[in-house]
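First comes the structure, then the notes that go with it.
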Amino acid sequence: MEVVDGRNSNTKRKRDDVVPNGNSNSNSNNDIDLSLLEAVEKSQNAVEAPDLRTLKKLVLSFERRLKDNIGARLKYADQPDRFADSEVELHEDLQKLKVLAGAPDLYPDLVSLNTVPSILNLLGHDNTDIAIDVVQLLQELTDDEVFDENDEAVGVLVDALVDNNVLELLVQNLQRLNDSDPDESAAVYGTLATIENLIEVKPAVAELVCERTKLFKWLMGKIKVREFDGNKQYASEILAILLQSSVANQKKLGQMNGVDVLLQAVAMYKSKDPKSSDEAEMLENLFDCLCCLLMPLENKERFVKAEGVELMIIIIKQKKSAYGSAIRALDFAMTKYPPACERFIDVLGLKTAFAAFMGKIPIKKKNKKERYHEELEERIVSLIASLFGGILRGSRRERLLSKFVENECEKIDRLMELYMRYSDRVKAETERMDQLELDDLEMDEEEKYNRKLESGLYTLQLIAVILGHLWCSEHPQMRARIELLLKQQKLTKKDVKDILQEYHDNIGDVDGPEEMERSQAKIQRFISAL
């Protein structure tokens, strides 16, 4: 099993690209003068960056409008028409503040003028339109294009926002927004975008927002909705961001029935494919979330109890677009968790797993890529290695081993085919690194090892581990087949032992020194047996 892939935050979706039903229609009007549009756009963007004096004028005007609006609302509480004008003026001043996004170097001055609390308090304004204005303002001020070259100044603003309860206020406002209203739906998107921006500037926000607010509850509620829309897609993406690097968040969501909610969400696609690329991305996000959740041991237990193993097998059998994602989820669930391995065998998962292992992988047009096949191969090898690590004795172990004997040991033939392919790739990468060193580009041993892992060494090591399990079974037919295939490739058992030795020497203590010693002892037994 590998850590969930890091998300690419450099390709952030723009609100204009999100269509509520997940489909997009291209404009077929070819009569538009593109040069005129370009000229208009340039004229709109040609706004002079503000200086400190402009900032103070904007802030002073904003504070006056805010004070006027508060006074009018108090004086004419039951007469909305009497305070409507003050709200229009407040709206206009909030729009004017957006110009500050073009001068992030002024952010520390904005903070020192104590304007942040005044702006944030408007997230609770009785007029939702004013709160939406604030969401738009915050989204622009924290946009990634702003902080690319102004990290320190943006960091000052983000710290001030967090200190003044921006997370709590954003989520409270989020809970009152109606997704069926176009303006409020856009504000939902803007709120999620702002939270993502805050996390990118200050990663600790990922845990803070889950500790201080009910964002998890809102996200799960959104994911439960059967109908697909752009905000459901973005909710799945934000949830994945919150879970991918925080064990605390993974455990918290597990306690909130998150495993069950995600299983229900992906179950909608067990016998159907997403209707658009956006919906397909959302489904992948949901599986990313599920795999992150399956990192803590207690969530693996919840997954098994919620019949997650059975659901993943059903999805694999249906051969829809979630096929590969279901294999990935099983890989995470079964890694270092014997009860999941036992359940997998008990519900007849071996037939499904070994069909994929033998290369019987359903092909969709969009998946006709060599890398897609390789990723699935690597996952299924990891899954089988997890089965051997989790099922150590008894009838289940016998059923697992028997798979490598049936049909004249065809599974061992396939295993050696993969062994040779990944071995060749690792050798090619090693030779390439040797050539780089000849060209005076030095690399330390850790960098060399990491590059070999990236080229396929980890999968090669897992294949060697599976061969070790087969050899230690002392089954004469399997041993004879392994020796025959090694001989045909002009290899010996020493070649397998060398791979296992390198694996042994590089086992880390991430799970503690005792677990490291146990893992090393197991690999040493394979080396000795071979």
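The values are calculated or read from the model by the stated rules, or taken from the named source; none is laboratory data. This is a predicted model, so every value here is computed, not measured. Positions of Cβ are backbone-derived with ideal geometry, glycine not excepted, and every protein chain shown enters the neighbour counts. Note: accessible area is taken over every heavy atom of the protein model, side chains too, but ligands, DNA and RNA are not part of it. Shrake-Rupley method; radii C 1.70, N 1.55, O 1.52, S 1.80 Å.
Per-structure values
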item: Boolean, Y449 is open to solvent by 50 Å² or more (accessible area, probe 1.4 Å), closer than 26 Å to E515 by Cβ, within 34 Å of the chain's Cα centre (by Cα) and of a type in the set (S, T, Y); result: no
item: Sole residue being of a type in the set (A, V, I, L, M) and either more than 27 Å from the chain's Cα centre (by Cα) or within 30 Å of N407 (Cα to Cα) (or both), chosen from V510, V465; result: V465
item: Yes/no for A235 being free of Cβ contacts under 8 Å to residues at least 60 places away in the same chain, buried (at least 20 other Cβ atoms within 10 Å of the Cβ) and assigned to a helix (DSSP H, G or I); result: yes
item: Identity of the residue in the range 114-160, free of Cβ contacts under 8 Å to residues at least 40 places away in the same chain and not in a helix (DSSP H, G or I), that ends up nearest to K67 (Cα to Cα); result: H125
item: Search result, residues across the range 262-298 that are more than 18 Å from D229 (Cα to Cα) and surrounded by fewer than 23 Cβ atoms within 10 Å (Cβ to Cβ); result: L263, K270, S271, M295, P296, L297, E298
item: Test result for L491, touching a Ser or Thr at 6+ places or on another chain (Cβ under 9 Å) and assigned to a loop (DSSP other than H, G, I, E, B); result: yes
item: Residue under evaluation M443, criteria (1) more than 25 Å from L415 (Cα to Cα); (2) of a type in the set (A, V, I, L, M, F, W, C); (3) part of a helix (DSSP H, G or I), criterion not met; result: (3)
item: In the range 420-446, the residues that are open to solvent by less than 20 Å² (accessible area, probe 1.4 Å) and not hydroxyl-bearing (S, T, Y); result: V426, M433
item: Selection status of F332, touching a Ser or Thr at 6+ places or on another chain (Cβ under 8 Å), under 23 Å from A235 (Cα atoms) and in a helix (DSSP H, G or I); result: no
item: Looking only at the range 180-210, and only at residues there that are acidic (D, E) and in a helix (DSSP H, G or I), the one that is surrounded by the fewest Cβ atoms within 10 Å (Cβ to Cβ); result: D183
item: Options K448, K490, K494; residue that is of a type in the set (K, R), at pLDDT below 90 and farther than 30 Å from P296 by Cβ; result: K448
item: Which listed residue, of F228, F216, is farther than 17 Å from I132 by Cβ and in a loop (DSSP other than H, G, I, E, B); result: F228
item: Test for P339: is it open to solvent by less than 60 Å² (accessible area, probe 1.4 Å), at pLDDT 95 or above and in contact with a Gly (Cβ under 7 Å, 6 or more places away or on another chain); result: no
item: Whichever residue in the range 71-112 is aliphatic (A, V, I, L, M) and over 43 Å from the mean Cα position of the chain (by Cα) and, among such residues, is least open to solvent (accessible area, probe 1.4 Å); result: A72
item: Matching residues, the range 496-507, being in contact (Cβ under 8 Å) with a residue 12 or more places away in the chain and not hydrophobic (A, V, I, L, M, F, W, C); result: K497, Q501, E502, Y503, H504, N506
item: Given (1) crowded, with 23+ Cβ neighbours inside 10 Å; (2) out of contact with any Lys or Arg (no Cβ under 9 Å at 6 or more places or on another chain), number of the condition R328 does not satisfy; result: (2)
item: Qualifying helices (runs of 4 or more DSSP H) (wholly inside the range 273-329; at least 2 residues being under 16 Å from R343 (Cβ atoms)); result: 297-305, 308-318
